[in-house]
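Since the structure comes first, as structure tokens, the remarks are kept for the end.
FYI, it's all coordinate maths here, none of it is from the lab. Being a predicted model, the structure only gives us computed values, none of them experimental. Note that each Cβ is placed from the backbone with ideal geometry, even for glycine, and that neighbours are counted across all protein chains shown.
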Amino acid sequence: MSTFTGEKGIEDGAPDPSSGAAGTDGYRRLNRRCMISIYIKYGIGYAILLAICTFLTSLTQNLPGPYYDIARLSLVGVPAIVLIYMVVAPPVFYARYRYRITDDRIEMRRGVLVISHTLVPIERVHQVEITRGPINNLLGLADVTITTAGGEATINYLELEEAERVAELLNKLIGEMLRERLHTPTPSVTGSADE
Amino acid sequence: MTGTDDRATEDLSGTAHQQGEAKIEGKRIRCHPGIIIERTLPYALILFIGVTQLGRPVVAASLAVIFIAAILINYRIWSRTTIKFDDTGVVVERDTVFKRKKTIPYSKIASVNVNRGITNRLLGTSSLLININSGSGATVPEAVLTFEQGLAERIRSGILHRLHDRSDLQDDEDEPVETPALFTPLDVILHGLFNVSTYQTVSGLFFLFYSIFQFYVSARTDVGSAGALISLLIFAALLVGPFTSQIFYYYNYRVYRRGNTIYLQHGLIRSYRTSFDVSRINAVRIKSTLAARLMHRSCIEAEVVGLASGSGQSLRPVLCLLKDDATQQALLRELLPEFVYDRKPEKQPEGAKRVLLIRAGAASLVLALVMIYPSIYLYREAMAMPGVAGHVLPYILPLIAVSAILAIFYAVYVSYRITEFDLGDELFSFVNGAVDRETVTMNYDRVQMVVTVKGPIARLFDVARGKIYLLSSTGGSSITSGYFPERDLNAVGEIVMARIASGDYDYRKNSL
């Protein structure tokens with residue numbers, strides 16, 4: 001099973017904290033700039049949250065006794081908790097995020113509170129798309145969205161060149177697979193309406 | 001007219017069954033003009049309601065203009081829309097202001113079904129629904145074409161012959177066939193009554209009792225009955241509506257298999273004739289609501305992409321209405337042996353119990369905190385009330401809160417006990433649901449993505465949940481497992497990969 005190695009400068013084979021592997025498993029990490037992008041997005045989200053809380057504070061004036069206290073406490077407590085999460089989450093996200101592309105699969109391990117491990121067989125990939133929002137555009141980052149018939153998986157915050165290499169590699173792998181199938185003799189498949 | 005070969009339709013009307021499609025192949029035909037009436041009828045309804053209810057001449061005249069415009073537009077669309085069945089696919093071409101040419105290759109067609117509504121019955125037509133395997137368009141058919149009833153059946157049969165290219169496909173679906181199970185009108189009624197989710201049933205009954213209480217109060221006091229009527233309407237929407245629509249939908253239900261094709265026939269006012277290849281089934285669900293389980297009944301649903309009728313009905317074909325468990329199992333073995341295997345289920349580990357208990361504890365705590373103030377308030381207000389109310393009402397909210405907390409912990413106990421996961425050679429399954437139970441059997445070769453998820457509490461006890469992404473009847477969706485060791489859940493993905501690598505996975509049978 002060959003593994004996508006990419007360019008130098010990105011920590012190849014870095015230890016995978018979630019699996020405890022020694023770092024020879026081919027998982028790759030993101031660029032540190034991803035944290036700046038996340039902080040900017042969180043900052044915008046936090047400004048919206050503060051605006052909503054200010055508006056809600058004005059609505060809570062007429063609430064009865066204990067509910068007024070609970071509401072005021074929530075309107076102070078929730079932004080405080082969110083602020084702590086927003087400060088702490090990006091480094092944890094960066095530290096945990098791993099992705100790996102081999103010749104038959106794409107894997108991602110990520111998460112801050114909830115850790116997920118995603119496995120997408122290359123055989124199931126229908127479409128590969130590179131997307132860049134305005135913040136990522138400024139930072140030279142991009143997301144690669146992999147579409148299957150059952151849903152989408154996204155490798156976030158890749159450097160643009162890296163994203164293009166990943167997309168190119170995936171397209172190459174899919175193309176090779178399809179070409180291989182074209183050259184395979186097709187026996188008649190009974191009972192199926194498939195191609 | 002746009003060069004349509006009108007003779008094509010004439011040729012077909014008297015054609016032998018198997019030659020039906022051959023006669024029209026390569027010729028451009030139009031739909032039955034009844035489609036104009038079909039598409040204009042909703043406007044007629046709006047016109048009727050508008051004129052009778054609003055009664056203003058200006059409004060009536062405006063609606064009449066809109067109605068006439070709708071007729072003219074639909075006539076123009078009908079007259080300038082042609083359908084061609086050529087060697088490779090169906091080409092639907094519309095030469096109106098908004099031009100459109102849609103080519104549906106036969107290789108991509110997932111199903112061709114025939115529906116007949118009231119308008120169809122009056123006009124002697126049928127709607128031919130062509131579906132393709134598409135996650136994005138899973139809820140609506142790719143093309144809906146109206147033809148004279150016989151012609152629609154012949155075209156459908158012709159396309160099915162072309163799709164399946166089989167000798168075992170019978171020419172006439174009406175030919176007597178031994179059905180694996182008989183469904184009586186009582187089965188249909190029981191299905192309509194007890195296949196509605198327990199939460200929906202409880203909510204519906206709550207609104208029914210509340211409306212009765214409101215009517216009782218309004219009869220004895222000056223309070224109006226508007227609240228009671230609203231509650232009654234919600235009850236009707238939650239229970240009466242689904243119940244009656246299920247009965248109408250599944251009336252005269254019939255299911256059978258010929259070769260590799262499953263056939264479904266049902267419907268009272270609108271009749272449905274649906275068929276799909278077994279290879280199109282991505283997963284099978286055996287479902288039983290709490291009430292159904294008490295009667296030892298369960299039903300079977302299949303995840304099949306490309307069966308949309310666009311009529312708002314369930315997109316998951318039911319392969320067995322609520323029947324006793326033994327009949328349901330026998331029917332599954334006979335109808336879909338491909339989805340039957342010897343299960344060796346794995347129960348959730350001890351860690352899962354702890355995670356579930358912590359979650360239940362947190363939910364109970366939140367509930368208790370929310371209920372404290374209303375309970376104290378009601379206690380103070382109701383203590384002064386005379387009679388029975390003064391004795392019962394002060395304690396009602398704490399009692400409800402305690403009952404809810406007990407229900408949460410009981411649900412956790414049941415959920416821990418019944419949740420299963422099991423890996424077979426070609427199939428695997430999840431069993432979920434403390435109240436409404438569901439066993440989902442999935443084919444490894446249809447798995448698109450596997451995700452394992454571990455929250456902070458689950459990590460403490462070394463368990464995770466698995467999410468399996470499949471192409472479902474409603475587009476992409478995931479099926480979630482209970483809490484199991486991560487390595488066991490990861491085995492699903494590894495088996496999928498191993499089947500691809502070893503060649504056990506045949507893309508020709510499974511490509512979408």
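What are the semi-axes of the equivalent ellipsoid of region B:358-419, taken as the square roots of 5 times the eigenvalues of the Cα gyration tensor, listed largest first and rounded to whole Å?
30, 13, 4
What is the average number of partner chain Cβ atoms found within 10 Å of a Cβ in B:451-461?
Mean partner shielding for this stretch: 4.
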Given backbone amide H placed at 1.01 Å from N, residues whose amide H is under 5 Å from that of residue B:32, ignoring those fewer than 5 places away on the same chain, are B:146, B:147, B:148
Residues B:37, B:212 in order from fewest to most other beta-carbon atoms within 10 Å are B:212, B:37
Inter-part gap, Cα centre of region B:338-359 to Cα centre of region B:183-252, in whole angstrom, is 35
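Between residue B:502 and residue A:46, what is the FRET efficiency for a Förster distance of 60 Å, r being their Cβ-Cβ separation, to the nearest 0.05?
After rounding to 0.05, the efficiency reads 0.75.
Take peptides A:167-175, A:91-99 and line them up by average Cβ neighbours within 10 Å, highest first, as a rough protection proxy.
Packing proxy ranking, top to bottom: A:91-99, A:167-175.
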Each residue of B:442-450 has, on average, a number of other protein chain C-beta atoms within 10 Å of its C-beta equal to 5
Computed from the beta carbon distance with a Förster radius of 41 Å, FRET efficiency for residue B:197 and residue A:172 to the nearest 0.05 stands at 0.30
Distance in nm between residue A:145 and residue B:233 label points, each 7 Å along Cα→Cβ, equals 3.9
Contact order relative to length for chain B, counting C-alpha pairs under 8 Å separated by 6 or more residues, stands in percent at 12
So, for the Cα atoms of region A:26-144, Rg and Dmax in Å stand at 19.7, 63
Computed from every Cα-Cα pair in region A:134-177, P(r) in 5 Å bins starting at 0 and rounded to whole percents is 6, 22, 24, 24, 14, 8, 2, 0
Highest mean packing first, using Cβ neighbours within 10 angstrom, the peptides B:255-267, B:87-99 sort as B:255-267, B:87-99
Note on region B:185-339: alpha-carbon gyration tensor, axes a ≥ b ≥ c; rule is a/c under 1.5 for rounded, else prolate if a/b larger than b/c, else oblate; result prolate
The Cα radius of gyration of region B:406-512, divided by 2.2 N^0.38 Å with N its residue count, comes to 1.16
Exposure proxy check on B:101, B:454, B:27: fewest-to-most Cβ neighbours within 10 Å is B:101, B:27, B:454
In deg cm²/dmol, rounded to the nearest 500, the helical mean residue ellipticity at 222 nm of chain B, built from -39500 (n - 2.57) for every DSSP H run of length 4 or more, is -15000 deg cm²/dmol
The long-range amide H neighbours of residue B:258, using H built 1.01 Å from N in the peptide plane and a cut-off of under 5 Å, are B:263
By the mean-Cβ-within-10 Å protection proxy, highest first, A:76-88, B:110-122 rank as B:110-122, A:76-88
Both in Å, the radius of gyration and Dmax of the C-alpha trace of region A:99-183 are 13.5, 47
Per the 1/(1 + (r/R0)^6) rule, R0 = 56 Å and r from the Cβ atoms of residue A:85 and residue B:25, FRET efficiency to 0.05 is 0.30
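With N denoting the number of residues in region B:350-465, provide Rg(C-alpha) divided by 2.2 N^0.38 Å, to two decimal places. Write out the running numbers ahead of the final one.
On the way: Rg = 20.9 Å, N = 116, 2.2 N^0.38 = 13.4 Å.
So the Cα radius of gyration is 1.56 times the expected 2.2 N^0.38 Å.
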Counting only residues 5 or more apart in sequence or on a different chain, those whose built amide H sits under 5 Å from that of residue A:148 are A:126, A:153
Mean other chain Cβ within 10 Å across B:104-116 is 1
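For chain B, report the % of Cα-Cα distances exceeding 43 Å.
Counting pairs separated by more than 43 Å, the tail of P(r) holds 33 percent.
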